[in-house]
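Q: What follows is a structure written as structure tokens; I'll ask about it next.
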Amino acid sequence: MKLSQLAFKVAKDAPANADTINHKLLVQAGYVRQLMAGVYTYTPLGLKVLRNIENIVRKEMDAIGGQEILMPALHPKANWLTTGGWDNIDVLFKLKSRTDRDYALGQSHEEIVTPLAKELINSYKDLPLALYQIQWKYRDELRSKSGILRGREFFMKDMYSFHENQADFEKFYEKVKAAYLKIFKEMGLTAKVTEASGGSFTEKISYEFMVLTDAGEDDIFYCDSCDYCVNQEIAKVKEGDACPICGAPLKAARAAEVGNVFDLGQKFAKDFELTFANKNGEKQYPIMGCYGIGISRTMGVIVEKYHDDRGIIWPKAVSPFAAHVVALNGAEEYAIKIYETLKENGVSALLDDRAQSAGNKFAAADLLGIPVRLVISPRNEKLIEWKKRDQEEIELIDLNTVLTKLKTS
């Protein structure tokens, strides 16, 4: 992609109404545009990041046996009345049609996936079953803030699993937990598995996957010496107490939730009369689990975690491009050749071919945050300036070395 042809330009100044780093930098760099509080347009660059996160998540959900579907965002009132959600979930967007029928915009999909699963589950031989989707969700938030961390419209992966018994659910949960930790690690995030209170219809303990950041909305106690972590809302410990697992002193921190897991029990199966015949031929309700990852929210958390005073620093796995080619005055022809060679070798690249000063181009490169900057300058002849976004060192190397480093670093 050539920067001169990109419709959404890098701005000199941050938006005046930005109250968080992710809002400020994503708008200024041209990754998103805010339509209203909690609702954003994702530009070509922003959509590339969103798709990269989505594909990392999809790969791992497929690997643990999840089957991808796409369910409607518009739901009939009857399904939400069946579960009690219509009257008990205050963030549910409710709509009335011209035919005087009531609908809801999906803030979750238990009400849709459970009756769908009735078509698929008849016997214990049909279990376990895991269905997931990557879909827009809607919540009538009273105070939508923190940029794309808390939206009224947000992009999410939600998976629902059905099990013969609690033991099978627990076994599958461990697979999901491992997959989640792998997903976040690939994106450069260290997520802590945090005990939290249950969801709207369960008193069971749920698990949240938290990333430490001052932009978060949750307070947690965690242990540096082991995996213990708990949300302060239900905690029976305090900062400085001995960790219940290893005895090390607990620390307090602000954190942002990027994923969650709920043990739904048999609540929704009973609501929709979803049953199966067990090994003895007896009618039984399956145990359900729900597993979420906020795709757009994770994008915002990454920016909060990886930035400096010059702009974003994208981890390689989610960056819109692998390299940012900067053509300085007099080297445009060679820069285009480099850009085309990168593409021919399967390396995604952004070319800054604008008629701008070197300073403006370097500032744009820092703001956009692509992992590697390649400067093509007349003074260096055929050598290329290689600089990683998160480092200050600059190397002068040839094109073959550039290709090798891009594919291996």
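Q: Output yes when any residue across the stretch 159-171 is modelled with pLDDT under 95 and either surrounded by 15 or more Cβ atoms within 10 Å (Cβ to Cβ) or among the basic types (Lys, Arg) (or both), and no when none is.
A: No: the stretch 159-171 contains no residue that is modelled with pLDDT under 95 and either surrounded by 15 or more Cβ atoms within 10 Å (Cβ to Cβ) or among the basic types (Lys, Arg) (or both).
Q: Let me ask another. If Thr99 meets every condition in (1) farther than 30 Å from Leu368 by Cβ; (2) in contact with a strand residue (DSSP E or B) (Cβ under 9 Å, 6 or more places away or on another chain); (3) in a loop (DSSP other than H, G, I, E, B); (4) among the polar types (S, T, N, Q) apart from one, which number is that one?
A: If we test Thr99 against (1) farther than 30 Å from Leu368 by Cβ; (2) in contact with a strand residue (DSSP E or B) (Cβ under 9 Å, 6 or more places away or on another chain); (3) in a loop (DSSP other than H, G, I, E, B); (4) among the polar types (S, T, N, Q), just (2) comes out false.
Q: Just one of Val326, Val347 is closer than 23 Å to Glu54 by Cα and at pLDDT 95 or above; which is it?
A: Val347
Q: On to the next question. For the stretch 317-341, name all the residues that are touching a residue at least 60 places away in the same chain (Cβ under 8 Å) and either more than 14 Å from Arg373 (Cβ to Cβ) or assigned to a loop (DSSP other than H, G, I, E, B) (or both).
A: Scanning the stretch 317-341 gives Ala317, Val318, Ser319, Pro320, Phe321, Ala322, Thr341.
Q: Would you be able to say whether some residue in the stretch 111-125 is under 25 Å from Thr41 (Cα atoms), among the polar types (S, T, N, Q) and either crowded, with 19+ Cβ neighbours inside 10 Å or at pLDDT 95 or above (or both)?
A: No: the stretch 111-125 contains no residue that is under 25 Å from Thr41 (Cα atoms), among the polar types (S, T, N, Q) and either crowded, with 19+ Cβ neighbours inside 10 Å or at pLDDT 95 or above (or both).
Q: If you take the residues of the stretch 352-377 that are acidic (Asp, Glu) and surrounded by fewer than 22 Cβ atoms within 10 Å (Cβ to Cβ), which of them is farthest from Ser319 (Cα to Cα)?
A: Asp353
Q: Given the conditions (1) part of a strand (DSSP E or B); (2) at pLDDT 95 or above, which single one is not true for Thr194?
A: Going through the list (1) part of a strand (DSSP E or B); (2) at pLDDT 95 or above, Thr194 breaks only (2).
Q: How about the stretch 1-51: which of its residues are in a loop (DSSP other than H, G, I, E, B), of a type in the set (S, T, N, Q) and surrounded by 13 or more Cβ atoms within 10 Å (Cβ to Cβ)?
A: Thr20, Thr43
Q: Among the candidates Asp158, Asp126, Asp168, which residue alone is in the same structural domain as Val32 (by TED's automatic domain parsing) and either among the hydrophobic types (A, V, I, L, M, F, W, C) or under 22 Å from Asn88 (Cβ atoms) (or both)?
A: That would be Asp158, the only listed residue that is in the same structural domain as Val32 (by TED's automatic domain parsing) and either among the hydrophobic types (A, V, I, L, M, F, W, C) or under 22 Å from Asn88 (Cβ atoms) (or both).
The values are calculated or read from the model by the stated rules, or taken from the named source; none is laboratory data. Treat the numbers as computed from the prediction; the structure is a model and nothing was measured. Backbone-built Cβ (ideal geometry, glycine too); neighbour counts: all protein chains shown.
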